[in-house]
Structure formats: C-alpha cells, structure tokens
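What follows is a short report on a single structure.
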Ligand code: F6P
C-alpha cells in the first residue's frame with residue numbers, strides 16, 4: 001500500500017451518537033499508517049461539490065468520540081442515484097448524478113471510501129462499489145435494524161435516553177393516577193421500545209412485530225387497577241400498528257427522501273385508552289432526543305472499534321464489505337448480504353420471553 005494512501009469518509013442518513021467516534025478512530029488509525037483521510041461533508045453532497053471535502057488530521061478529531069451528531073454533517077436526501085434537482089419549470093426531479101460522484105472521487109485521486117450509514121446509505125455505497133469505487137461500509141443506526149451485525153452504534157444511547165425518560169414518567173404518572181403513553185423511534189423494528197420498555201418497567205410495550213389489540217391493552221391496564229396499580233406506562237414503537245391496520249405516518253418528508261416519516265401512533269393509543277378506560281391519559285413523543293447528545297460508553301467503544309476495523313479492511317483490500325460485530329470479533333460481511341435485510345425483534349427471543357414472564361403486555 002502506498003504511503004500516500006488517500007481515504008475518503010462520509011456519513012449518510014440520520015445521525016446517531018457514535019459517528020464522531022468512528023471518524024476519530026479512522027483518522028487516528030490512518031495517521032499512524034501515514035495515510036491521509038478526507039472528510040466528505042453532508043453525505044455524498046460533498047463529492048458533488050469538491051469544496052465540501054476537508055482534510056482530517058488527528059488534531060481535528062481529538063476526543064470528538066464524546067460528541068454527539070457528526071462534525072461532517074449528514075443528510076437523508078443525498079442519494080446521488082436519486083438527487084432532487086429543480087428542472088427548468090422549477091419542479092423537483094430525481095436525477096442520477098452518480099457519475100459525477102465517481103468522476104470527482106477519481107479526479108481527487110482518492111483510493112477508498114469509508115461509508116458510514118444505515119440500510120439506505122449502505123445500499124448507495126454498494127451501488128457506488130459496483131461502479132468501481134473501492135468501498136468499506138460501517139453500520140450505523142439507532143434503530144438496530146441491520147441484519148448483518150449483532151448491534152449498531154447509536155442504539156445503546158437511544159435505549160438509555162428512552163429508559164431514563166420512562167423512569168421519570170413513573171413518578172408523575174403515579175402522582176396523578178394517569179396512563180402515560182410514550183412513543184419511541186425505531187422505524188419498522190421494535191428494539192428501542194422493547195429494550196427501554198423492559199428496562200423502565202413499562203406495563204405495556206407495543207412493537208411493529210406484534211400487531212396489537214387496543215382492548216387487550218385496556219384490559220391489562222384495568223386489571224392492574226384491580227390490584228391497586230392505579231397508573232400505567234405504555235411504550236409504543238413508532239412503527240407499531242393495530243392488528244389489521246398499518247403504521248401511522250406523516251408522509252414522505254422532504255424531497256429526495258426515500259422513506260416516509262413514521263409517527264402518530266402514541267397519540268392514537270392514548271386517545272383510545274382514554275376513551276375505553278376513562279382514565280386520565282397523556283402521551284409524549286420522545287423523537288430526536290433519542291439521537292441527541294453524547295454517546296454512551298458502549299456506543300463510543302463500538303464506534304471506535306468499527307472505525308479501526310474499517311481501516312484494517314482497507315489495508316487488507318477487502319472492498320465491498322462492511323464491518324460487523326460478531327462478539328468477540330469484528331468481521332467483514334459483503335455489502336451485498338447486508339442491504340435490504342432488516343433485523344426485527346424475534347418473537348421467540350429471550351428478551352420477549354423475559355418481558356412476558358414478568359407480566360408485560362404486548363397487546364396480543
Ligand atoms: O433511522 C433513524 C430514525 O431516527 C428513525 O428511528 C426515525 O423514524 C427516523 O430516523 C427519523 O428521521 P428524521 O431524522 O429524518 O426525522
């Protein structure tokens with residue numbers, strides 16, 4: 001490998017605590033090999049506008065592992081294969097500008113791209129790999145829904161924040177004999193709701209993997225009343241839906257996004273509970289609080305390990321792969337096997353069994 005090996009790194013999709021730690025590990029490991037690292041701003045947009053590429057040095061990333069967000073910026077709209085561009089009539093069209101990304105990558109004499117992202121961003125990375133760009137993927141998402149890795153960074157922080165919020169809701173719910181419904185993120189997987197709900201002693205947890213019956217939820221709450229439990233905490237994943245129904249959403253969001261914005265089920269569940277039980281009921285949506293702030297120690301360490309492992313894969317020229325946690329090791333998984341397969345909560349898994357055995361209701 002040449003001494004002047006030049007690595008580009010970008011972050012795509014929603015931010016997740018730990019992104020800066022990946023960057024720190026990549027830059028510091030590269031510097032120790034006398035390689036250069038260039039940070040691409042705002043996902044792939046920086047490769048469409050070459051002013052948006054920053055030479056990263058160890059001084060620039062020292063201890064950024066403790067910072068939330070990403071100093072490189074990220075976007076959910078930056079898919080170079082479907083870039084929103086205004087046509088002559090001022091209408092937004094989705095155009096394939098990926099050739100420009102490839103041209104700029106080559107013109108800048110970059111040798112490899114480390115793409116940090118979730119399912120959508122890793123698919124873009126794989127498509128660029130097929131166009132000839134040497135790519136290494138690093139999995140990121142607070143939703144923990146990537147199949148190829150045991151866990152993604154950002155998830156532990158999101159669960160920790162959600163658990164703390166649920167802990168706090170107990171005292172106010174108890175003081176008012178209320179039902180508190182809290183909606184958490186996770187898209188079409190219930191990991192955040194499940195793990196925070198159990199840890200925060202929720203009475204009911206509703207997840208996308210288990211369609212719920214609102215009457216069963218209400219029966220569980222009223223059964224608690226009979227035994228002197230006059231308040232209840234209900235944790236609802238944003239992707240949860242009643243049996244026979246669909247997850248609620250707020251539409252497509254901004255132009256260029258491929259996904260819909262989920263949300264609204266917390267309010268729906270709260271209204272139904274209030275109507276059917278006549279109990280005082282309130283709801284809250286935790287939203288982006290779950291992605292904000294400093295990563296937990298677990299997420300920092302995992303991110304640093306992923307970043308350093310990505311550099312090892314560059315060294316071994318294992319392009320077209322993604323780092324994945326397979327305890328105690330970090331392995332390389334072909335990107336082809338990673339994309340498009342979502343990891344959802346296993347209904348036979350020990351965590352669900354534990355929840356059921358300690359009396360948590362899933363509304364089924
Ligand atoms: O994928 C991460 C995530 O936070 C999801 O849990 C959530 O549905 C979505 O992103 C929110 O997207 P945005 O940040 O664009 O509102």
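The values are calculated or read from the model by the stated rules, or taken from the named source; none is laboratory data. Remember, it's a predicted structure, so these values are computed and weren't measured experimentally. Every residue, glycine as well, gets a Cβ built from its backbone with ideal geometry; the counts of neighbours run over all protein chains shown.
Annotations
- Against the conditions (1) in the same structural domain as residue 319 (by TED's automatic domain parsing); (2) buried (at least 20 other Cβ atoms within 10 Å of the Cβ); (3) in contact with a strand residue (DSSP E or B) (Cβ under 6 Å, 6 or more places away or on another chain); (4) at pLDDT 95 or above, residue 162 satisfies every one except (1).
- The criterion of at least 1 residues that are within 16 Å of the ligand (Cβ to nearest atom) and assigned by TED's automatic domain parsing to the domain that holds residue 15 is met, among helices (runs of 4 or more DSSP H) falling completely within the range 52-145, by 119-130.
- Residue satisfying condition, being within 16 Å of the ligand (Cβ to nearest atom) and not assigned by TED's automatic domain parsing to the domain that holds residue 18, within set 270, 189: 189
- Tallying residues that are assigned to a helix (DSSP H, G or I), more than 14 Å from the chain's Cα centre (by Cα) and surrounded by 24 or more Cβ atoms within 10 Å (Cβ to Cβ) within the range 174-193 yields 0.
- Apart from one condition, residue 245 fits all of (1) farther than 21 Å from residue 157 by Cα; (2) assigned to a helix (DSSP H, G or I); (3) out of contact with any helix residue (DSSP H, G or I) (no Cβ under 8 Å at 6 or more places or on another chain); the exception is (2).
- Entry remark, the range 329-350: residues being touching a helix residue (DSSP H, G or I) at 6+ places or on another chain (Cβ under 7 Å) and surrounded by 14 or more Cβ atoms within 10 Å (Cβ to Cβ) number 6 in total.
- Checking residue 227 against (1) over 21 Å from residue 341 (Cα atoms); (2) within 15 Å of the ligand (Cβ to nearest atom), the condition it does not meet: (2)
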